[in-house]
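Here the structure comes first, spelled out in structure tokens, and everything after it is commentary.
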Amino acid sequence: MDKAIIVCIDFRDPSFEESVEEIKLLVKSAGVKTLGILFGRRDRPDAALYAGKGKIQELAELVTDSGADLVVFNHAISPVQQRNIERLVKCRTLDRTSLILDIFAQRARTHEGKVQVELAQLNHLATRLIRGWTHLERQKGGIGLRGPGETQLETDRRLLGFRVKSLKTKLAVIEKQRKTRRRNRSRRGVLKISLVGYTNAGKSSLFNRLTKSNALSADQLFATLDTTTRKLAYVDQTEMVMSDTVGFIRDLPHSLVEAFKATLEETADSDILFHVIDASSRSAEFEMDQVQAVLREIGAENVPQICIFNKIDLTELKPGIERLPCGTIKRVNLSALTGEGIEQFRELFPELLLFTDKEKSTERAISVLDQRIS
């Protein structure tokens, strides 16, 4: 097991304490043992060393004394900063994005998931290729050094480019297959539901409860990576399917969003979203905002949502459905672990048909008006 020192620099962020707890969980989820956390405070990142020269010297001493073989920054650091830090600390250094990518690589099980993760990793690696092959420099000329006029670094970049192109081609095929399946479900009148939410909010546990499945659910970040879809029920002769999706997180790397576009489009194409929230989390409101930010990025912000407050067994909340005075569902309180509130939640399913039918009829009316105006 790798042993790591975590570096957390406070830039006067109100959610700094929550981000520290989150990076500790990320490191644990990656299978790394935390030996210590180095804190610091700055107004802005140092251009060369991110945390500043004094703090990096302190980090180097801490790494030597503790015997750590890995440094993890709770931030996104540039390739130049990473190389400068590694040179002084003499230890492998990862930033937050690299750590999340590593966890995704560990969790991927399906062919689609592995392709998406590899593409995201290569896009991230492309900016971090270093000149470690100067002894093979062939542009200098001279006896035995004349060749195609390409350095090893350029060769690496060219080969990496070929692999990225190949992976994008594979993902295009996967995306086409997904669109075909979604089109077939639409023709059959299938109601599509997607579970979305912050990572470790309990989506997979709720998915297993509602679909009687055995999808992996664990108390760790990104336990679910590959989207799973199961038949849910028949209500008024309408078939329902539910998809368990990858959890979101603050500062989700853009390369991951791009690579997982085919998977995330499943969410954007849903008829309704069940937004699962960890009711026991101290930063539940912040996590909800982060989920909404990712939904906007993938074009799913206009899909109807029902907020489900999970893990009420860890709080004083009572199970059941809370409604606004007009009768609209405000929130659902339940515990996927103990089953509290699950039966009340199931009683909502016939209402989902009425809710989505209203949305669809409104869209059809707007479409007809647009055609008449044009």
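The values are calculated or read from the model by the stated rules, or taken from the named source; none is laboratory data. None of the values given here were measured: they were computed from a predicted structure. When we count neighbours, we look across all protein chains shown, and the Cβ atoms used for this are built from the backbone with ideal geometry, even at glycine. We work out accessible area using only protein heavy atoms, side chains counted, and drop any ligands, DNA or RNA first. Shrake-Rupley method; radii C 1.70, N 1.55, O 1.52, S 1.80 Å.
Quick rundown of the values:
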quantity	calculated
HN-Hα J in Hz across region 278-293 - Karplus 6.51, -1.76, 1.60, θ = phi - 60°, x for Gly and Pro	7, 5, 8, 6, 5, 10, 4, 5, 4, 5, 4, 5, 5, 4, 4, 5
Solvent-accessible area of residue 75 with every protein chain in place, 1.4 Å probe, in Å² to the nearest 10	30 Å²
Heavy atoms of residue 198 accessible to a 1.4 Å probe, total area in Å² rounded to 10	10 Å²
Ranking by accessible area, most exposed first, for 242, 1, 288 with a 1.4 Å probe	1, 288, 242
Around residue 46: net Lys/Arg minus Asp/Glu count, Cβ-Cβ under 13 Å	+4
At most 14 other Cβ within 10 Å, DSSP loop - GluC sites (Glu not before Pro), region 295-336	301, 316
Region 19-72, accessible area per residue, ligands and nucleic acids excluded (1.4 Å, Å²)	52 Å²
Sparse-neighbour loop sites [trypsin sites (Lys or Arg not before Pro); region 46-129; at most 13 other C-beta within 10 Å; DSSP]	90, 109
